[in-house]
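Data block below; observations after.
Values in this text are rule-based calculations from the coordinates and carry no lab data. Fair warning: this is a prediction, and the values are worked out from it, not measured in the lab. Methodologically, a virtual Cβ is constructed for each residue, glycine included, from the backbone with ideal geometry; neighbour enumeration extends over all protein chains shown.
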Amino acid sequence: MIETQEWRHERERMVKEQIVARGVEDQRVVDAMMRVPRHFFVDKIYAHQAYNDYPLSVGHGQTISQPYMVAVMTELLELKPGDAVLEIGTGSGYQTAILALLCKMVYTIERLSALKESARDKLDRLGFKNIAFMTGDGSLGWPQYAPYDGIIVTAGAPEVPNALIDQLAEKGRLVIPVGSELYQTLNLVTKQRGRIFRKEIFECTFVPLLGKQGWKE
Ligand code: SAH
C-alpha cells in the first residue's frame, strides 16, 4: 500500500484513544489502522471528520463503519498472513484495505455497483493488488473461491446466512451483526471439526443486509 503522512496525527490519536484505550490488543490490527488513510475513503467535505469516533455517510444511504467497530471485527477474525477472507458489504472500501494488509487475499462483495466502483478506484490508487471485487448479493457468499479462513459481514442480518457457514473453512471465523433491522448483536461464528459455535460479542447498529439470505429488498 502507498503510505501517506497526511492526517497522521489525527490517525495516531484515533488509534490511541478509540482503539488501544478500549482494549484492542492485536498489534497487527493496530498497525494496519495506523497505516490506512481513512480520510481517503470519505467524501472530501468529511475529511476532517474521518478520524472521529463515529460512522460517516458514504452516500446511497450507506455508512463507513466507526473506526472502533472496524478494529474489533478485524481482531475477532484472528487473521494470518496466508489467509483468504470474504467481506460482505464493501461500502467505502476502508475495511477492505485493513483486511488486505493482514491477509493474502480479500474477496469483497457489494450490492451497489456505484459503491463498488468507487471503492475499487480508491484501493487501486493506494496500490492494493490482493483484492477481488464483485457486485452482487453477498448473503449468498462467493462459492467460487470458498472456503474462506475468515468471513466478515458489515451489514446487519436477520440470521446467519447458511451459505456463509457452508463457505467457512475448518477453524474459520465469521463475524456478523445479527438482529432486527435497527439493532443487532455482533456474533462470532466458528467452525471446529465441522461443528458450529456461536458467541455474542456486543450490541451494534449496522445498515441492513439486503438479499436472499438477508432482509427483503
Ligand atoms: N465496511 C463498509 C460498510 C459499508 S455499510 C465500510 O466501512 O465502508 C454496508 C454495506 O453493505 C453497504 O454498502 C450496502 O450496500 C452493503 N450491502 C447490503 N446488503 C448487501 C448484500 N446482500 N451483499 C453485498 N453488500 C450488501
Query - Amide H contacts under 5 Å for Ala169, placed H, 5+ residues apart - result: Tyr148, Asp149
Query raised in the report: How far apart, in nm, are two points set 7 Å out from the Cα along the Cα-to-Cβ line at Ala169 and at Arg8?
Result: 3.5
Requested in this report: Please work out the C-alpha center-to-center distance from region 191-207 to region 121-185 and express it in whole Å.
Outcome: 13
Report summary line: Taking the chain and counting helices only, DSSP H stretches of n ≥ 4 at -39,500 (n - 2.57) each over all residues, the nearest-500 ellipticity at 222 nm comes to -7000 deg cm²/dmol
Query raised in the report: Percent antiparallel among DSSP beta bridges with both residues in the chain, to the nearest 5?
Result: 45
Report summary line: Amide H proximity to Tyr107 below 5 Å, modelled H, separation 5+ or other chain, gives Val85, Leu86, Glu87, Ala132
Query raised in the report: Based on the mean of other beta carbon atoms within 10 Å per residue, what is the order of 145-153, 18-26, most packed first?
Result: 145-153, 18-26
Report task. Restrict the search to region 80-134; then list the GluC sites (Glu not before Pro) that DSSP places in a loop and that have at most 16 other Cβ atoms within 10 Å of their Cβ. Result -> none
Query - Label-point separation, Thr185 to Glu159 (7 Å along Cα→Cβ), nm - result: 1.7
**Report entry** Helix axis angle, 67-77 relative to the chain longest principal axis, alpha carbon, degrees
**Finding:** 40
**Report entry** the chain: angle of helix 113-125 to the longest principal axis, Cα-based, in degrees nearest 10
**Finding:** 50
Report summary line: Which of Lys16/Lys122; Lys191/Lys216; Lys80/Lys216; Lys80/Lys199 exceed 31 Å between C-alpha atoms? The answer is Lys80/Lys216
Query raised in the report: Going 7 Å from the Cα of Arg198 in the Cα-to-Cβ direction, what parts of region 127-164 have a backbone nitrogen less than 14 Å from that spot?
Result: 157-164
Query - region 60-204 - percent relative contact order, Cα under 8 Å, separation 6 or more - result: 19
**Report entry** Dmax and Rg, reported as Rg then Dmax, of region 60-204 (C-alpha, Å)
**Finding:** 13.9, 41
